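Take a look at the structure set out below.
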Amino acid sequence: MSNKKSFLGGIVTGVLAAALILSGVFMGRSAWNLFQASRAQEAASQSAAENTGSDTVANQRTMDKLKLLEDTIGKYYLESVDEQTLEKGVYDGLVKALGDPYSVYYSAEELKELQDKTEGIYYGIGAYIGIDADTSLPRLTGIIEGTPAQESGLRAGDLLYKVDGEEVQGLELTQVVSKVKGEEGTTVHLTIIREGESDYLEIDVVRRKVESPTVNQKMLDNNIGYIQITEFDTVTLDQFTEALAVCRGSGMKGLVLDLRGNPGGNLNTVCDIAREILPKGLIVYTEDKNGKRTEYTCDGTNQIKEPLVVLVDSGSASASEILAGAIKDYGIGTLVGTTTFGKGIVQRIISLSDGSAVKLTVSNYYTPNGNNIHKIGIAPDIEEKFDGEAYYNDGVDNQLNKAIEVMNGKLGDGQ
């Protein structure tokens, strides 16, 4: 194994940087260079104190163990090893040791991919992906029209068993998405589990540039507006306000807001959208490890006047639950579907000086009435389970039909 000294130096730097982040200490570049210059001297002090314990993983004992592991891998491991992969594994492992599926280390390349995604443009197949609560498998929650996913025959509801031959059960959503996405013109091989099929489906999809609409809008019978939000990205607010204006301009008497399969997204974005709907008051509040409370509020100037029905399911998570929870707490809409996913925690992405970043869970969030829905979810006012067989065979969306029925009842009552 070549360049072992430089690789171990990278490991030391990475472990120390991550440890500093976890303890809430941030160094500028000049301070970091000074730290590196004095590392040898500090290592001697750490070595003297290592037998008495340490409050950081970046101690001499850990460095020695990493060197021992690296040497052992180089001497005995059968396959050749890419040093960058091993180095990233150290950083991944430190964050994974938290036992939190939502805390993740991002390399500079992964961070760029994440940023591109939140801007609504990426290179991939054109499918929305969530995590199925029952199987822990990635599930395609929606297919964008005119994309490789649609052209290859993929369907909403398909479960991803393998991506390029690698099992993806239990992986964090961002990890799955990064495997499905890739360079334009390359092919990704998906192993699919589809309801009604007796065996796996093996499907090749060629990636290309996809402009991802996060909001879909149409008018239903009886002047009922329908707006679907697939995720909360930086582009979503403008798309939502435009869709709402189009519905109102078309004579909308009531609105069905579809949050099914929406895995969440940006906290500020969902709060901005909530300000287009909610009355004056709290949207959501968060509390960090020190009990610091941060409130997100609405002035009520845009409170929705039309009757509102909200569709939710087990794929509605995080930011979707913030919006659905506030609507339910204020009693301004009726929730129809099944209990939501139950993600009542907030993550923050902290950038590092080398272009990488770490996403950490930093707070709990609470609905306006003070409910923490983490690992509980939000129960609908009217439960309607999804009839997948009818949907995939006949195209009948029984949950949407129930929402329309509820809305027609509201309109008939003059609400």
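The values are calculated or read from the model by the stated rules, or taken from the named source; none is laboratory data. Just so we're clear, the structure is a prediction, and the values are computed from it rather than from any experiment. Neighbour counts run over all protein chains shown; Cβ positions are idealised from the backbone, glycine included. In case anyone asks, the SASA skips ligands and DNA or RNA and just uses the protein heavy atoms, side chains included. Shrake-Rupley method; radii C 1.70, N 1.55, O 1.52, S 1.80 Å.
This table checks each residue for (1) touching a residue at least 24 places away in the same chain (Cβ under 8 Å); (2) open to solvent by less than 10 Å² (accessible area, probe 1.4 Å); (3) not in a loop (DSSP other than H, G, I, E, B).
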position: Leu323; (1), (2), (3): yes, yes, yes
position: Lys328; (1), (2), (3): yes, no, yes
position: Leu335; (1), (2), (3): yes, yes, yes
position: Phe341; (1), (2), (3): yes, no, no
position: Val346; (1), (2), (3): yes, no, yes
position: Ile349; (1), (2), (3): yes, no, yes
position: Ser353; (1), (2), (3): yes, no, no
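The residues of the range 182-198 that are among the charged types (D, E, K, R) and either touching an Asp or Glu at 6+ places or on another chain (Cβ under 9 Å) or closer than 25 Å to Leu111 by Cβ (or both), listed by number, are Glu183, Glu184, Arg194, Glu195. All conditions in (1) in a loop (DSSP other than H, G, I, E, B); (2) without any contact (Cβ under 8 Å) to a residue 60 or more places away in the chain hold for Ile273, with the sole exception of (1).
Yes/no per residue for (1) more than 16 Å from Pro263 (Cα to Cα); (2) of a type in the set (Phe, Trp, Tyr); (3) assigned to a helix (DSSP H, G or I):
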| site | (1), (2), (3) |
| --- | --- |
| Val210 | yes, no, no |
| Pro213 | no, no, no |
| Lys218 | yes, no, no |
| Asn222 | yes, no, yes |
| Gly225 | yes, no, no |
| Gln228 | no, no, no |
| Asp238 | yes, no, yes |
| Glu242 | yes, no, yes |
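A single entry from Thr147, Thr236 fulfils the requirement of being under 29 Å from Ser103 (Cβ atoms), open to solvent by less than 20 Å² (accessible area, probe 1.4 Å), in contact with a strand residue (DSSP E or B) (Cβ under 7 Å, 6 or more places away or on another chain) and at pLDDT below 95: Thr236.
The single residue among Asn408, Asn364 that is assigned to a strand (DSSP E or B), touching a residue at least 60 places away in the same chain (Cβ under 8 Å) and either among the polar types (S, T, N, Q) or surrounded by 21 or more Cβ atoms within 10 Å (Cβ to Cβ) (or both) turns out to be Asn364.
Could we say that Ser136 is assigned to a loop (DSSP other than H, G, I, E, B) and either among the hydroxyl-bearing types (Ser, Thr, Tyr) or open to solvent by less than 50 Å² (accessible area, probe 1.4 Å) (or both) here? Here the answer is yes, as Ser136 does meet what is asked. Of all residues in the range 388-405, none are over 30 Å from Arg194 (Cβ atoms) and exposed (fewer than 15 other Cβ atoms within 10 Å of the Cβ). If you go through the range 279-301 one residue at a time, do you hit one that is in a strand (DSSP E or B), closer than 22 Å to Tyr128 by Cβ, open to solvent by less than 50 Å² (accessible area, probe 1.4 Å) and touching a helix residue (DSSP H, G or I) at 6+ places or on another chain (Cβ under 7 Å)? So far as the range 279-301 goes, no, none of its residues is in a strand (DSSP E or B), closer than 22 Å to Tyr128 by Cβ, open to solvent by less than 50 Å² (accessible area, probe 1.4 Å) and touching a helix residue (DSSP H, G or I) at 6+ places or on another chain (Cβ under 7 Å). Would you say Ile192 is modelled with pLDDT of 95 or more, open to solvent by less than 10 Å² (accessible area, probe 1.4 Å) and under 30 Å from Leu308 (Cα atoms)? No; evaluated as a whole, the condition is false for this residue. Is it fair to say Gly412 is small (Gly, Ala, Ser) and more than 24 Å from the chain's Cα centre (by Cα)? Against the criterion (small (Gly, Ala, Ser) and more than 24 Å from the chain's Cα centre (by Cα)), Gly412 qualifies.
Is it the case that the range 170-178 has a residue that's touching a Pro at 6+ places or on another chain (Cβ under 9 Å), open to solvent by 40 Å² or more (accessible area, probe 1.4 Å) and part of a loop (DSSP other than H, G, I, E, B)? So far as the range 170-178 goes, yes, one or more of its residues are touching a Pro at 6+ places or on another chain (Cβ under 9 Å), open to solvent by 40 Å² or more (accessible area, probe 1.4 Å) and part of a loop (DSSP other than H, G, I, E, B). Residue check: is Asp204 open to solvent by 70 Å² or more (accessible area, probe 1.4 Å), more than 18 Å from Gly333 (Cβ to Cβ), touching a His at 6+ places or on another chain (Cβ under 6 Å) and not polar (S, T, N, Q)? Judged against the criteria, Asp204 is a match.
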